[in-house]
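The values are calculated or read from the model by the stated rules, or taken from the named source; none is laboratory data. None of the values given here were measured: they were computed from a predicted structure. When we count neighbours, we look across all protein chains shown, and the Cβ atoms used for this are built from the backbone with ideal geometry, even at glycine. The area values use the complete protein model at the heavy-atom level, side chains included, leaving out ligands, DNA and RNA. Shrake-Rupley method; radii C 1.70, N 1.55, O 1.52, S 1.80 Å.
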Amino acid sequence: MNWVAVVDDEEVNRQIVCRVLKKSDYMVTALESGQELLDFIYVKGNRPDLIILDIIMPQMDGFETIKRLQGGSFSSNRIPVIFLTGETTEEVEKQGLKLGAEDFVRKPIYPDVLLHRVGRIIELDRMHRSMAQEIESKAAECESLSRHVVQTLAEAIDAKDTYTNGHSDRVAVYSREIAKRFGYSEKEQDDIYMMGLLHDVGKIGVPDEIINKPGKLTDEEFEAIKSHPVTGERILKKVKEMPKLSVGARWHHEKYDGTGYPDGLKGEEILEEARIIAVADAYDAMTSNRSYRGLLPQSKVREEIERGKGTQFDPVFADIMIQMIDEDKDYLMHE
Ligand SMILES: [Fe+2]
């Protein structure tokens, strides 16, 4: 059953509206003032499907009431309002609509007109609400799908290399943690997580036998490996919805002192996200098993990060990584 709150300081108006609506099976609550309405909603927690609101009332008029109503915490869950008015000037209508009223019903009240307007607004509001819900759930579905695709892609990259099982995922997790400690918002943390997951995506273009070659690489083979940031960027640039996605891929092998690749960028020329991912990437490389060694002792890893401050790494993010190492008393943060 649809529920309507009627707010009018004049009893006769409340009675007319109540009678008309009740006869058509509406549930109706009659209120005498704007303040009563605000209490009814915000203090008592009621949520009628529609509010019929008189404009001219002593103390708080209809305009002031709707302002307070929509400035409140219910604003995302707005209740539609129809103004009840004796005045029909253009100015009054304009102001009412500007304040967010859906429609007007003029006094004297004609029952059919009232019923028609109330029915139509409730129906529209319901449709609007269900569409909004639908959009929200589709957006969530879409996001979860893209997360899964990215995760799968990251696993595929790691699978190329016998010794980088779960590397992309760990780099993403460490990057997110550094970013979080540095004060990134939730959204920015999600973004850097994605960048971390895909930082090595360009390895798809490097032949497996080079990636997994046990001995020393020839110059040519090393050049092939070094091409992965540029390939990665080229792949990720196509994701127009997330223009920064390629940042980690392109610049995670840059070094703070300018001796990295592919562009030899220096200091803050390297985008911040890439400077974070570079620290996370190096940390994971040292704390993962390799064909020629197991994971390094934690003290050695700490020393290496410390030593790379200002040369290989941005000192700020290196310090955050060191803080994370120091908190990791049992050395759980490794492959
Ligand atoms: Fe890489």
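Within segment 262-300, the set of residues being in a loop (DSSP other than H, G, I, E, B), modelled with pLDDT of 95 or more and open to solvent by 20 Å² or more (accessible area, probe 1.4 Å) comprises Pro262, Asp263, Gly264, Leu265, Lys266, Leu271.
Right, Thr287: out of contact with any Cys (no Cβ under 7 Å at 6 or more places or on another chain), within 16 Å of the ligand (Cβ to nearest atom) and not charged (D, E, K, R) or not? It is true that Thr287 is out of contact with any Cys (no Cβ under 7 Å at 6 or more places or on another chain), within 16 Å of the ligand (Cβ to nearest atom) and not charged (D, E, K, R).
Residues satisfying the criterion are present in segment 234-244 (criterion: closer than 15 Å to Gly202 by Cβ, within 16 Å of the ligand (Cβ to nearest atom) and surrounded by fewer than 23 Cβ atoms within 10 Å (Cβ to Cβ)). Among the residues of segment 56-70, none qualifies, meaning not one is of a type outside the set (D, E, K, R), in contact with a strand residue (DSSP E or B) (Cβ under 7 Å, 6 or more places away or on another chain) and open to solvent by 20 Å² or more (accessible area, probe 1.4 Å). Taking the numbered list (1) open to solvent by 70 Å² or more (accessible area, probe 1.4 Å); (2) within 16 Å of the ligand (Cβ to nearest atom) in turn, Pro207 passes all entries but (1).
Taken together, the residues in segment 251-261 that are within 16 Å of the ligand (Cβ to nearest atom) and open to solvent by less than 40 Å² (accessible area, probe 1.4 Å) amount to 3.
The single condition among (1) open to solvent by 50 Å² or more (accessible area, probe 1.4 Å); (2) of a type outside the set (A, V, I, L, M); (3) in contact with a Pro (Cβ under 6 Å, 6 or more places away or on another chain) that Asp25 does not satisfy is (3). When Phe74, Phe104 are checked against the criterion of being modelled with pLDDT under 90, surrounded by fewer than 18 Cβ atoms within 10 Å (Cβ to Cβ) and among the hydrophobic types (A, V, I, L, M, F, W, C), Phe74 stands alone in meeting it. Annotation: Asp25 fulfils all but one of (1) touching a residue at least 12 places away in the same chain (Cβ under 8 Å); (2) within 22 Å of Asn2 (Cα to Cα); (3) within 41 Å of the chain's Cα centre (by Cα); the unmet one is (3).
Against the conditions (1) in a helix (DSSP H, G or I); (2) in contact (Cβ under 8 Å) with a residue 12 or more places away in the chain; (3) in contact with a strand residue (DSSP E or B) (Cβ under 9 Å, 6 or more places away or on another chain), Lys255 satisfies every one except (1).
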